[in-house]
Each structure stands twice: as C-alpha cells, then as structure tokens.
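Novice: Next up is a structure, given as structure tokens.
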Amino acid sequence: MFLLNIFFCVILFIAGLYLKKIYAGYSKYDHKILNWLYIYHVAIGIVFYYYVMAYGGDATVYWDKAVQFSFTDIITMISNGSATGFILLVNYVPAQVLKLSFFSGSFLYIVLGYWGVLLFYNIIKEILPHYTYISKYKLLFIPIFPGLLFLPNLHFWTSGLGKDTILFFCVALFMHSIINMKKRFIGLIVSMAFGFFIRPHIVLFLMISFGIATLFDAKMKAYQKILIVAVFASLAFYLFSYVMNFVKLESLDTQTIEAYSANKTRVLSSSSGSGIDLSSYSYPAKVFTFLYRPLFFDINGVLAVVSSFENLMLLIFSIKIIFNNPISTFKASNRAIKSLLFFFLLGALTFSLILGNLGIMLRQKVPFIFALIIFGYTTYSYELSLKRRAFLQRKKMQEGLSK
C-alpha cells in the first residue's frame with residue numbers, strides 16, 4: 001500500500017506539471033512562471049497538510065468519513081442537499097476503494113487547486129494584450145505580475161482537501177469557459193454542476209455576474225443579449241429558491257436579512273479566536289474587514305503575520321486601481337472582465353454582511369481576490385494601451401511634419 005501511495009503521488013505530480021500542455025500558446029516566459037507557480041503551490045499544499053495534521057480541520061473529517069460511510073449513505077446525504085456528501089463522493093474512490101493515505105488524497109486536491117490557478121493565468125493571457133509588460137509596475141518593490149499570483153493565502157486555501165479547493169476550481173473554470181462558450185460549453189456546465197453541490201450561492205453569483213456583464217457588452221447584438229440573459233436568468237431563478245432554503249432564509253425583507261446577518265455573524269465570530277464583533281461596524285467597515293483584514297493590529301499568530309503583509313499589498317493595489325481609470329477600463333473591457341468585476345463586487349458586498357471570523361474570511365474570499373487581481377491587471381493593461389496609442393499618434397504627427 002505504501003508503494004501504491006508513492007506511485008499515485010508521483011503520477012499526480014507529473015500530471016500537474018504537464019497540465020499546462022492542455023492549453024496552447026504559452027511562451028518560455030509563461031512556462032517559467034507556471035513551473036514556479038506549480039512548485040510553490042505544491043509546497044504550500046504540503047504545508048497545509050502538516051498544518052491540518054497538527055491542528056486538525058475539516059479535511060481529515062472528509063477523508064475519514066469517506067472511508068467509514070457506505071456508498072449508499074453518501075448518495076443519501078447528497079440527495080438531502082448535503083455539500084459534505086458531495087465531498088465524500090469525490091473522496092470515496094481514492095479513500096475507500098483504493099485505500100490511499102490522507103496525504104495522497106491531499107495531493108489530489110493540491111493538483112486540482114493548481115489547475116484553478118492555471119485557468120486564471122490562462123484568462124489573463126487570453127484577455128490582456130499587455131500582461132507581460134505590466135510587470136514593470138511594482139507594489140512594495142514586488143512586480144504586480146506575476147507577484148500577486150504568488151500571494152500565500154491564495155494558494156494555502158486552494159490546496160487543501162475540501163470544499164474550498166473544488167469551489168475555487170469551479171469558479172476558475174466558469175470564468176475561463178465564458179471567454180469562448182461555444183468551444184468551452186462543457187466546462188461551463190461542469191463548473192456550475194460541481195459548484196451547485198458545494199455552495200449554490202456562489203453559482204448564483206456567477207450567473208448574476210455573467211448576466212449583468214452580458215447586458216453591458218456593447219459588442220453583442222440585442223437578440224444575443226436577450227437569449228443569453230433569458231437562459232441564465234431562468235437558471236438563476238430556479239437556483240434562487242434552492243439557495244434561500246440552503247442558507248435557511250425565509251424572505252428578503254430588510255428585517256429578515258438583518259436578523260439573519262446578525263445571527264450568522266454572532267455564530268461565526270464566536271467559533272474561534274479569530275472571531276470579531278462586527279455588530280457596531282458600519283457597512284463600509286464590514287466590507288473593508290472582509291477584504292483587507294487581518295492587518296498588523298489583528299496579529300495573533302504566524303499565519304496572521306503573513307496575511308497582514310498580503311492584505312497590505314492588496315489594499316495598496318486596490319487604491320491604485322481606483323486612481324487608474326477603472327470606469328474607462330470597465331467600458332473598454334470584454335464580457336469576461338466585466339463578469340469578474342461583478343463577481344468580486346457581489347462577493348464583497350454580500351459576504352461582508354455575514355462573516356465575523358477572520359479565518360473564514362481568508363478562506364472564502366480567495367476566488368473574489370483573484371477576480372480583483374485580474375481586473376486590476378486590466379486597468380494597468382488599459383493604461384499601457386492608452387500610452388502606446390498616444391505614442392503612435394505622436395510618432396505619426398512627427399513623421400507628417402518631417403515630410
């Protein structure tokens with residue numbers, strides 16, 4: 001059995017290293033960055049494994065239950081709407097049938113998380129014409145590209161065995177698929193189906209974001225907008241009632257939402273040492289807390305120190321976005337970029353109401369932070385295109401005068 005685990009991990013490692021071969025058009029520069037991202041992601045994934053082994057967590061529970069529960073029990077859990085049941089189903093074959101170790105199972109999720117990172121990298125490559133040149137812009141002496149893609153928490157929470165890694169992959173696959181829906185329709189369906197079983201409200205966010213972005217797409221014809229919006233609105237409407245039941249929310253009136261938010265915040269804030277009392281915070285302060293804390297005044301351990309530096313970089317990056325023509329960038333952007341922005345806004349404005357635990361915030365904001373980073377990259381790419389256009393115009397005028 002030991003040899004089977006070794007063989008499984010070696011095959012997985014090689015498969016992860018060659019995942020980028022699925023997508024064509026990478027330069028030597030891209031291969032270099034992606035190789036480093038892979039090694040970095042694997043290293044942090046192993047750190048996550050030892051962290052869970054030392055301090056415990058849901059990951060070991062998901063693996064142990066997949067060994068203990070029968071296939072029928074797991075299917076029953078899924079039919080009752082249990083997200084945990086879906087994770088147990090994913091773990092069933094490697095854990096119970098193949099009898100692999102928890103480390104081997106963790107490695108499977110490490111590679112899946114890297115695949116999500118790879119998909120986001122591919123999004124950047126496909127939709128940003130100047131993505132290699134924005135590396136000249138720096139934050140705290142670190143190039144924003146690819147520097148921000150190496151932020152530790154973005155890899156820590158997407159390399160663990162559990163819901164967050166699968167959900168991250170689903171979000172990345174969805175955003176990658178909408179760039180070219182005709183060729184990537186299967187990816188779109190898979191991302192929504194898998195995401196539905198884990199966190200249906202995130203799938204709802206993705207649908208709403210894409211629907212709104214479609215309405216803002218100036219390049220699409222009216223009948224195309226109507227068709228796409230109608231399809232996604234129908235799916236969202238069907239999903240909405242399920243989500244309401246999933247989050248145990250009876251109605252959307254102000255009083256009910258406030259009561260739900262207060263109760264959810266109270267429960268989460270008392271769940272660990274990283275809980276904070278948001279009851280007295282203004283709404284903007286809650287959004288800020290979700291996006292940019294912990295900061296240095298919140299430090300209560302090594303992870304909080306790392307997160308504080310990371311959040312400081314994200315805060316500075318966000319401020320620079322605000323002063324970097326975000327509205328003009330939005331107008332000039334394609335549907336995928338608009339979807340990413342709306343997805344980020346929906347997540348930040350919604351999750352800030354209900355989360356009162358910094359650890360849970362760090363975990364659940366990862367897909368939204370990737371969306372923010374890509375939109376930020378877009379503002380810099382747009383600025384470069386404006387400078388290049390102005391340079392060519394000046395050059396043309398000078399050539400005209402010289403004649």
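Novice: Of the residues that make up segment 211-226, is at least one at pLDDT below 70 and small (Gly, Ala, Ser)?
Specialist: Within segment 211-226, none of the residues are at pLDDT below 70 and small (Gly, Ala, Ser).
Novice: Select from segment 25-52 the residues that are farther than 21 Å from Leu119 by Cβ and without any contact (Cβ under 8 Å) to a residue 24 or more places away in the chain and write down the one among them that is least open to solvent (accessible area, probe 1.4 Å). Can you show your working first?
Specialist: Let us first name the residues in segment 25-52 that are farther than 21 Å from Leu119 by Cβ, namely 46-47, 49-52.
Retained after the next criterion (residues that are without any contact (Cβ under 8 Å) to a residue 24 or more places away in the chain): 50-51.
Working: Tyr50: 144, Tyr51: 83 Å².
Ranking the candidates gives Tyr51 first.
Novice: Please determine whether any residue of segment 337-350 is among the polar types (S, T, N, Q), at pLDDT 90 or above and either open to solvent by 20 Å² or more (accessible area, probe 1.4 Å) or in contact with a helix residue (DSSP H, G or I) (Cβ under 6 Å, 6 or more places away or on another chain) (or both).
Specialist: Checked segment 337-350: at least one residue is among the polar types (S, T, N, Q), at pLDDT 90 or above and either open to solvent by 20 Å² or more (accessible area, probe 1.4 Å) or in contact with a helix residue (DSSP H, G or I) (Cβ under 6 Å, 6 or more places away or on another chain) (or both).
Novice: Does Gly113 count as in contact with a Pro (Cβ under 7 Å, 6 or more places away or on another chain) and in a helix (DSSP H, G or I)? Break it down stepwise before answering.
Specialist: Details: in contact with a Pro (Cβ under 7 Å, 6 or more places away or on another chain): no; in a helix (DSSP H, G or I): yes.
The answer is no for Gly113.
Novice: List the pairs whose first member sits in segment 192-219 and is over 18 Å from Ala371 (Cβ atoms), whose second member is hydroxyl-bearing (Ser, Thr, Tyr), and whose Cβ atoms are under 8 Å apart, counting only residues at least 6 apart or on separate chains?
Specialist: Filtered contacts from segment 192-219: Pro200/Tyr242.
Novice: Just to be sure, is Ile166 assigned to a helix (DSSP H, G or I), of a type in the set (Val, Ile, Thr) and under 29 Å from Gly56 (Cα atoms)?
Specialist: yes
For every residue, the table says whether it meets (1) open to solvent by 20 Å² or more (accessible area, probe 1.4 Å); (2) in contact with a helix residue (DSSP H, G or I) (Cβ under 9 Å, 6 or more places away or on another chain); (3) under 20 Å from Leu12 (Cβ atoms); (4) part of a loop (DSSP other than H, G, I, E, B).
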residue	(1), (2), (3), (4)
Ala54	yes, no, no, no
Thr60	yes, yes, yes, no
Thr72	yes, no, no, no
Thr76	yes, yes, no, no
Ser104	no, yes, yes, no
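Novice: Only one of (1) open to solvent by less than 30 Å² (accessible area, probe 1.4 Å); (2) free of Cβ contacts under 8 Å to residues at least 24 places away in the same chain is not met by Ile327, so which one is it?
Specialist: Result: Ile327 fails condition (1) only.
Novice: Restricting the search to segment 80-91, which residues are open to solvent by 40 Å² or more (accessible area, probe 1.4 Å) and under 25 Å from Leu173 (Cβ atoms)?
Specialist: Residues satisfying the conditions are Leu89, Val90.
Novice: Provide a single number: the residues in segment 123-159 that are in a loop (DSSP other than H, G, I, E, B) and within 14 Å of the chain's Cα centre (by Cα).
Specialist: 4
The values are calculated or read from the model by the stated rules, or taken from the named source; none is laboratory data. Note that this is a predicted model, so its numbers are computed, not measured. Virtual Cβ from ideal backbone geometry, glycine too; neighbours counted across all protein chains shown. Each accessible area value is taken on the protein alone, full model and side chains, heavy atoms only, with ligands, DNA and RNA left out. Shrake-Rupley method; radii C 1.70, N 1.55, O 1.52, S 1.80 Å.
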